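Okay, so here's the structure we're looking at.
The values are calculated or read from the model by the stated rules, or taken from the named source; none is laboratory data. This structure is a prediction, so every number in the text was calculated from the model and none was measured. Glycine gets a Cβ as well: all are built from the backbone with ideal geometry, and neighbour counts include every protein chain shown.
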Amino acid sequence: MRGRDRLALLGSCLLLLGGCVTLMAPYDEKIDDMATGLQREISTEIEALRGAEKPDCLYPGHAGFYRQARVDVSALSVRASAHEMNAQTIAQIDALSGALDDLEALHKIATRADRCMRPDEFSDVKRGFDQITGAIIKLEVAKKRGRP
């Protein structure tokens, strides 16, 4: 085999191998499970708040939920950050953390006003959490299929 033929063969092999390179972190079952668990945990809390009356609806009775949810989001973030090329998942988890902060702030505002959160406040909040957690899960499932 001549030098030019070897070079062409080597170039062809590199092109084929280059097509196998992925630019995104692999599927992580733990991220999928943790995001699903967070979605369930947050939805359960929202439904509990929706049906609660004073004083059960006020923030102090739910502060533990916010602490635990922040711990869970932090664990999810640490897990996602352990993978290289996982910027999209990390950005989605950051959005989830921000949405949790927003819900907590809204809950505190309602409590300072000595009222429960209004029903119209819940639909947008729940929809937002479902969209964010759904996006995290959808991306992980796409990674599993090999099509992010």
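Scanning segment 59-94 for residues that are closer than 22 Å to residue 26 by Cβ and touching a residue at least 40 places away in the same chain (Cβ under 8 Å) turns up 75, 76, 79, 80, 83, 84, 85, 86, 88, 89, 92, 93.
Test residue 132 against the stated conditions and say whether it is within 24 Å of residue 27 (Cβ to Cβ), surrounded by 18 or more Cβ atoms within 10 Å (Cβ to Cβ), among the β-branched types (Val, Ile, Thr) and out of contact with any Pro (no Cβ under 8 Å at 6 or more places or on another chain). In short, yes.
Residues checked against (1) in a helix (DSSP H, G or I); (2) farther than 29 Å from residue 33 by Cβ; (3) without any contact (Cβ under 8 Å) to a residue 24 or more places away in the chain:
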{"position": "107", "(1), (2), (3)": "yes, no, no"}
{"position": "110", "(1), (2), (3)": "yes, yes, no"}
{"position": "116", "(1), (2), (3)": "no, yes, no"}
{"position": "120", "(1), (2), (3)": "yes, yes, yes"}
{"position": "124", "(1), (2), (3)": "yes, no, yes"}
{"position": "128", "(1), (2), (3)": "yes, no, no"}
{"position": "134", "(1), (2), (3)": "yes, no, no"}
{"position": "139", "(1), (2), (3)": "yes, no, no"}
{"position": "144", "(1), (2), (3)": "yes, no, no"}
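Among all positions in segment 32-46, there is no residue which is at pLDDT below 95 and surrounded by fewer than 12 Cβ atoms within 10 Å (Cβ to Cβ).
Against the test of being farther than 26 Å from residue 145 by Cβ, modelled with pLDDT of 95 or more, in a loop (DSSP other than H, G, I, E, B) and not basic (Lys, Arg), the options 56, 101 yield a single qualifying residue, 56.
Collect the residues in segment 64-85 that are among the acidic types (Asp, Glu) and in a helix (DSSP H, G or I), keeping them in residue-number order. 72, the sole residue that qualifies.
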